[in-house]
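Please read the structure below before turning to the comments.
Throughout, read-outs are computed from the coordinates displayed, never taken from laboratory work. Quantities reported herein were computed from a predicted structural model and do not represent experimental measurements. Cβ coordinates were reconstructed from backbone atoms using ideal geometry, including for glycine residues, and neighbour counts include every protein chain displayed.
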Amino acid sequence: MPYLKVSFLLKSNKILSEILIAELSEQHFDSFEETQETLNAYINKSFFNEKNLTEVLNINSYFLGLNYTIEEIPDKNWNELWEKSFEPIVVAERCVIKAPFHQLRKSYPIELIIEPKMSFGTGHHQTTALMIEQMLGMNLKNKKVLDMGCGTGVLAFLAEKMGAAQIMAIDNDEWAYYNSLDNKALNNSEKVQVELGNAAYLIGKTFNTILANINRNILIEDMHLYANCLTLNDQLLISGFFKTDSPMLIEKAKEYGFCIQNASYQEEWACLLLKKE
Amino acid sequence: MAKEITGMIKLQIKGGAANPSPPVGPALGSKGVNIMEFCKQFNARTQDKPGKILPVVITVYADKSFDFIVKTPPVAVQLKDAAKLKSGSAEPNRKKVASVSWEDVKRIAEDKMPDLNCFKIESAMSMVAGTARSMGITVKGDAPF
């Protein structure tokens with residue numbers, strides 16, 4: 001979805017800039033950039049309503065006579081530069097994640113091809129590596145697997161290579177959804193079903209294994225939905241949070257009938273393997 | 001040896017909500033930084049302040065790595081919270097819509113001292129009180145200095 005950049009000419013008026021940020025942040029503007037002369041406020045185009053902006057500017061007489069310009073910034077892959085030159089990643093000497101342009105000098109038992117296009121999941125981040133490491137030690141043969149918040153879909157494609165019978169990959173981000181579809185083709189995947197949606201999509205569905213590399217708050221919020229999709233001895237593998245947040249997640253998991261099977265860490269990041277009791 | 005710095009980026013982003021759209025995407029992407037990695041890290045570090053505007057200073061190094069410092073919310077945002085104010089006064093100098101105490105002002109001033117370029121807490125408190133007035137927020141009682 002394209003973004004709009006609304007630029008206000010403030011001429012280095014720091015107080016005015018701060019007050020404007022405080023007001024606009026309550027109107028769906030999600031990020032700001034202060035330059036020498038202007039305050040640039042950014043908003044997803046679908047949330048923008050110029051009438052609301054005018055109302056905000058009328059709230060405070062301090063804003064009187066304030067001029068602004070609106071520029072539409074087209075939706076594009078801003079991560080392209082990094083994606084052109086990233087290095088392949090090898091996890092546990094068994095799984096390699098590479099882009100289509102990589103030529104490998106040696107082969108690995110599992111090879112995944114990922115062209116990320118501004119989606120998360122290339123194996124470079126500690127949490128993806130932790131998830132893959134744990135998955136390599138799990139039995140996914142003939143299992144029904146969910147990759148929640150799939151990003152590039154890397155974990156779903158790994159699950160397929162590990163023998164899962166049926167895999168659902170869900171993300172609420174459009175870039176991730178289309179990227180997972182592209183990567184599905186690159187990996188000749190036949191068993192991964194990609195869906196655009198959020199946790200509400202899980203209601204009434206069942207799985208044997210859920211993979212979720214998201215973040216602490218969402219994992220806690222959606223733990224009950226994951227629990228409802230699993231039955232006795234089914235597994236939930238989670239990451240995307242700090243080691244210091246593990247106790248909070250473990251407590252929530254126990255509340256919904258999970259016990260800890262394994263925990264692993266890389267630097268400040270953590271990964272927990274939970275089993276439904 | 002210290003890593004060579006190739007850029008410093010200053011943005012204000014909602015806690016737990018960094019995404020690769022502008023301004024984060026163009027600012028970091030043009031320097032060859034992996035935007036997705038920044039977003040994951042920023043969102044994890046700021047998850048205790050979801051939706052709250054947080055200034056962030058990102059340092060980008062020659063090897064395309066980065067680190068960043070997250071500051072506490074701007075004075076105006078903290079004042080709105082302290083006054084439990086949904087939006088400011090229509091006429092800041094006449095119609096006062098909310099109030100804060102001098103204790104609130106002191107707490108915010110202490111929190112923002114490093115960013116306000118003040119050497120004395122009293123100067124920082126004056127600046128915070130000035131912002132409050134501009135927002136139509138009354139500071140209750142007499143100034144404690």
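Please give the charge dipole size of the protein assembly as shown, origin at the Cα centre, charges +1 on K and R Cβ atoms and -1 on D and E Cβ atoms. Round to the nearest 20 debye.
Working: 47 positive and 50 negative charges, 72 e Å.
Result for the protein assembly as shown is approximately 340 debye, rounded to the nearest 20.
Taking loop as defined by DSSP and a crowding limit of 13 other beta carbons within 10 Å, which GluC sites (Glu not before Pro) in region A:190-264 fit?
Numbers: sites: A:E190, A:E195, A:E221, A:E251, A:E255; in loops: A:E190.
Within region A:190-264, the qualifying GluC sites (Glu not before Pro) (loop, at most 13 other Cβ atoms within 10 Å) are A:E190.
From other protein chains only, count the Cβ atoms within 10 Å of every residue's Cβ in B:118-131, then give the mean.
Numbers: counts 0, 0, 0, 0, 0, 0, 0, 0, 0, 2, 0, 0, 1, 6.
Per residue, the average neighbour count from other chains is 1.
In debye, nearest 20, what is the charge dipole magnitude of region A:148-277 about its Cα centre with +1 on Lys and Arg Cβ and -1 on Asp and Glu Cβ, if you could check? Walk me through the intermediate numbers first.
Working: 10 positive and 16 negative charges, 78 e Å.
In debye, rounded to 20, region A:148-277 gives about 380.
Rounded to the nearest 500, what is the 222 nm mean residue ellipticity of chain B from helices alone, with -39500 (n - 2.57) per DSSP H run of 4+ residues and division by all residues?
Details: 5 runs with 54 residues, N = 145.
When only DSSP H runs of four or more count, the value is -11000 deg cm²/dmol.
Pull up all non-local amide H partners of A:F241: gap of 5 or more, or a different chain, and H-to-H distance under 5 Å with H placed in the peptide plane.
A:A270
By what distance, in whole Å, do the Cα atoms of chain B stretch along each of the three principal axes, largest value first?
That gives 54, 32, 24 Å along the principal axes, largest extent first.
In angstroms, what radius of gyration and Dmax does region A:125-276 have, counting Cα atoms only?
Expressed in Å, the Cα Rg and Dmax of region A:125-276 come to 14.0, 40.
Report the full-extension gain for the segment B:A2 to B:F145: residue separation times 0.36 nm, less the Cα-Cα distance, to one decimal in nm.
Numbers: separation 143, 0.36 × 143 = 51.48 nm, distance 4.41 nm.
47.1 nm is the gain from fully extending B:A2 to B:F145.
Ratio of alpha-carbon Rg to the 2.2 N^0.38 Å globular estimate for region A:70-172, to two decimals, please.
Values: Rg = 14.9 Å, N = 103, 2.2 N^0.38 = 12.8 Å.
This ratio for region A:70-172 stands at 1.16.
What do you get when you divide the Cα radius of gyration of region A:1-153 by 2.2 N^0.38 Å, with N the number of residues?
Working: Rg = 22.8 Å, N = 153, 2.2 N^0.38 = 14.9 Å.
After normalising by residue count via 2.2 N^0.38 Å, the value is 1.53.
Please report the antiparallel percentage of DSSP beta bridges with both residues in the protein assembly as shown, rounded to the nearest 5. Provide the component values of the computation, followed by the final result.
Details: 52 of 79 bridges.
Approximately 65 percent, going by the DSSP bridge assignments.
Go ahead and estimate [θ] at 222 nm for chain A from helices alone: -39,500 (n - 2.57) per DSSP H run with n ≥ 4, summed, over the residue count, rounded to 500. Each step should come with its number before you reach the end.
On the way: 8 runs with 81 residues, N = 277.
Calculated from helices alone, the mean residue ellipticity at 222 nm is -8500 deg cm²/dmol.
Would you please calculate the Kirkwood hydrodynamic radius of region B:7-67 over all C-alpha pairs and express it in Å, rounded to one decimal? Intermediate results must be reported in sequence, preceding the final value.
Values: mean 1/r = 0.0876 Å⁻¹.
After inverting the mean inverse Cα-Cα distance, the result is 11.4 Å.
Give the value in nm², to one decimal: projected area of the alpha carbon convex hull of region A:165-212, averaged over all directions. Present the calculation step by step, with values, prior to reporting the outcome.
Values: hull surface 14.2 nm².
Over all viewing directions, region A:165-212 projects a mean Cα-hull area of 3.5 nm².
If you take the Cα atoms of region A:130-185, find Rg, then find the Kirkwood Rh from the mean of 1/r over all pairs, what is Rg/Rh?
On the way: Rg = 10.9 Å, Rh = 11.3 Å.
Rg/Rh for region A:130-185 comes to 0.97.
With the calculation restricted to Cα positions, what are the radius of gyration and Dmax of region A:225-277 in angstrom?
Values for region A:225-277 (Cα only, Rg and Dmax): 10.7, 32 Å.
Given N residues in region B:102-141, what is Rg(Cα) / (2.2 N^0.38 Å)?
Values: Rg = 9.4 Å, N = 40, 2.2 N^0.38 = 8.9 Å.
Here the answer is 1.05, to two decimals.
Could you estimate the translational diffusion coefficient of region A:3-77 from the Stokes-Einstein equation, with Rh from the Kirkwood formula over C-alpha pairs, at 25 °C and 0.890 mPa s, in whole µm²/s? Each step should come with its number before you reach the end.
Details: Rh = 12.5 Å.
Translational diffusion coefficient: 196 µm²/s.
Near B:Y61, within a Cβ-to-Cβ distance under 10 Å, what is the net charge of the other residues, with Lys and Arg +1 and Asp and Glu -1? The partial results should precede the final answer.
On the way: positive: B:K3, B:K31, B:K64; negative: B:E4, B:D63, B:D67.
Surrounding charge for B:Y61 is 0.
From the phi of every residue in region A:84-97, what ³J(HN,Hα) in whole Hz does the Karplus formula 6.51 cos²θ - 1.76 cosθ + 1.60 yield, where θ is phi - 60° and glycine or proline is x?
In residue order, the calculated couplings are 6, 9, 6, 8, x, 10, 10, 10, 6, 6, 10, 10, 10, 10 Hz.
Give a quick list of chymotrypsin sites (Phe, Trp or Tyr not before Pro) in region A:64-130 that DSSP marks as loop, anything other than H, G, I, E or B, with at most 15 other Cβ atoms within 10 Å. Please list the in-between numbers first.
On the way: sites: A:Y68, A:W78, A:W82, A:F86, A:F101, A:F120; in loops: A:W78, A:F86, A:F101, A:F120.
Passing sites in region A:64-130 are A:F101.
If I model a spin label at A:Q261 and A:T244 as a point 7 Å from the Cα along the Cα→Cβ vector, what separation in nanometres do I get?
In this crude spin-label approximation the distance works out to 3.0 nm.
I need the trypsin sites (Lys or Arg not before Pro) found in region B:1-38, filtered to DSSP loop residues with at most 14 other beta carbons within 10 Å of theirs. Don't jump to the answer; show the numbers that get you there.
Working: sites: B:K3, B:K10, B:K14, B:K31; in loops: B:K3, B:K31.
Taking region B:1-38 and a limit of 14 other Cβ atoms within 10 Å, the loop trypsin sites (Lys or Arg not before Pro) found are B:K3.
Less than 20 Å from a label point 7 Å out along the Cα-to-Cβ axis of B:K10: which backbone N atoms in region B:99-124 qualify, by residue?
Output list for this probe position: B:109-120, B:124.
For region A:96-161 and region A:8-38, what is the separation of their Cα centres, given in Å?
Centre-to-centre distance over Cα atoms comes out at 41 Å.
Quantify how much of the Cα-Cα distance distribution of the protein assembly as shown extends past 36 Å, in percent. List each step's numbers first, then the result.
Details: 30639 of 88831 pairs.
Everything past 36 Å amounts to 34 percent.
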